[in-house]
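J.: Attaching a single structure in structure tokens format; questions to follow.
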Amino acid sequence: MSSQSAAAAVFTDAFIDFTGGTIGGAAGVLVGQPLDTVKVKLQTYPNLYRSSYNCFVQTFRSDGVRRGLYRGTVPNLVANVAENSVLFCAYGACQTVVANAAGKRVSDLDATHNASAGFLAAFFSSLALCPTELIKCRMQTLSENMKSNSPGLHSNITPYHLTRNILREEGLPGLFKGLTSTWLREMPGYFVFFGAYEYYRSLLCKPGQCKDDIGVLRTAAAGGAGGVFFWLAVYPADMIKSRIQVLSHHGSSMTFTQLFRQVLTTEGVAAMYLGIVPTLIRTVPATGILFVTYEATKKLLGSLLNTV
């Protein structure tokens with residue numbers, strides 16, 4: 001293979017992974033947004049709600065579906081599309097790097113190798129995710145922030161105006177509040193995520209069957225398992241990240257370590273897992289659909305572009 005055709009193949013693979021991640025990320029958001037809103041509210045304002053169900057009902061009654069449960073959908077779509085497009089594009093590239101280092105073909109990588117590729121890919125996706133997820137979290141907790149008399153907020157504020165306010169008041173670094181905690185969540189999380197996904201895809205294969213041919217339900221089950229293991233592994237880091245991104249609007253400048261210690265001391269270990277129930281309920285269909293969509297898009301584009 002000439003260097004020109006090799007470069008074209010690399011570009012084509014990256015385009016397929018990027019497109020598959022984009023479409024998969026959008027599908028996952030539309031399925032899981034209401035329970036993601038409940039999760040963020042419980043993480044950042046635990047004293048306002050008795051339970052996940054109570055938070056869901058109060059949000060629905062006070063703000064409805066569009067301005068309550070689905071508030072923050074636009075930045076969440078942007079966040080997930082940005083994260084998953086970069087994540088899956090980088091994942092494909094990192095699989096190649098890991099395969100070269102291990103002296104194997106990408107198709108022969110085991111779960112640990114794929115987990116390592118996911119770990120590396122998450123470094124890059126976090127850079128795209130952090131600013132958009134900060135806007136998402138602040139939009140989702142807009143009602144609670146308004147009750148605490150946060151400056152510059154009103155019920156009709158849009159993600160665009162919120163972003164503009166942050167840039168005006170805090171500059172570009174203001175959009176990257178919580179980047180360290182995002183890395184601490186994403187990198188080990190995606191090690192577990194992709195490792196579990198590839199392991200369960202292999203486990204669900206029939207004798208002699210290729211992982212790409214296990215079908216929609218088995219792919220969704222493997223994706224759901226990956227999502228569950230992801231959140232069980234990194235949920236405390238996610239809780240701290242959410243608080244840093246929301247409470248920084250009130251002038252808080254606490255670091256990840258400082259806030260982690262404060263929560264443990266004043267609220268206990270259980271506080272680290274506030275919102276875990278709606279998160280686990282959400283992640284099974286959301287990550288299942290993410291991977292089904294990703295694999296289907298990858299297979300379709302691969303056949304169209306003659307790369308499969």
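The values are calculated or read from the model by the stated rules, or taken from the named source; none is laboratory data. Nothing here was measured: the structure is a model prediction, and the numbers come from that model. Counting neighbours? That spans all protein chains shown, and the Cβs are built from the backbone with ideal geometry, glycine included. Side chains are part of the model used for accessible areas, which takes the heavy atoms of the whole protein and leaves out ligands, DNA and RNA. Shrake-Rupley method; radii C 1.70, N 1.55, O 1.52, S 1.80 Å.
Residues checked against (1) in contact (Cβ under 8 Å) with a residue 40 or more places away in the chain; (2) assigned to a helix (DSSP H, G or I); (3) under 14 Å from the mean Cα position of the chain (by Cα):
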position: Phe230; (1), (2), (3): yes, yes, yes
position: Ala233; (1), (2), (3): yes, yes, yes
position: Thr265; (1), (2), (3): no, yes, no
position: Ile289; (1), (2), (3): yes, yes, yes
position: Thr297; (1), (2), (3): yes, yes, no
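J.: Related question: I'd like the full set of residues that are open to solvent by less than 50 Å² (accessible area, probe 1.4 Å) and at pLDDT 80 or above, limited to segment 5-15.
T.: Hits for segment 5-15: nothing passes.
J.: While we're on this one: Select from segment 255-283 the residues that are open to solvent by 20 Å² or more (accessible area, probe 1.4 Å), more than 15 Å from Lys39 (Cα to Cα) and touching a helix residue (DSSP H, G or I) at 6+ places or on another chain (Cβ under 7 Å) and write down the one among them that is modelled with the highest pLDDT.
T.: That would be Phe260.
J.: Do you know which of the residues in segment 168-211 that are farther than 19 Å from Arg243 by Cα and of a type in the set (Phe, Trp, Tyr) is surrounded by the fewest Cβ atoms within 10 Å (Cβ to Cβ)?
T.: Tyr199
J.: Assess whether Leu217 counts as being open to solvent by less than 80 Å² (accessible area, probe 1.4 Å), assigned to a helix (DSSP H, G or I) and not aromatic (Phe, Trp, Tyr).
T.: The answer is no for Leu217.
J.: Something else about it: Before we move on, is Phe56 out of contact with any Cys (no Cβ under 6 Å at 6 or more places or on another chain), open to solvent by 70 Å² or more (accessible area, probe 1.4 Å), modelled with pLDDT under 85 and of a type in the set (Phe, Trp, Tyr)?
T.: When the stated conditions are applied, Phe56 does not pass them.
Each row is one residue, and each column tells you yes or no for (1) basic (Lys, Arg); (2) at pLDDT below 90; (3) part of a helix (DSSP H, G or I).
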site: Pro188; (1), (2), (3): no, no, yes
site: Ala196; (1), (2), (3): no, no, yes
site: Tyr199; (1), (2), (3): no, no, yes
site: Gly208; (1), (2), (3): no, yes, no
site: Asp212; (1), (2), (3): no, yes, yes
site: Ala225; (1), (2), (3): no, no, yes
site: Gln245; (1), (2), (3): no, yes, yes
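J.: I'd like the full set of residues that are among the aliphatic types (A, V, I, L, M) and touching a residue at least 60 places away in the same chain (Cβ under 8 Å), limited to segment 197-219.
T.: Val216
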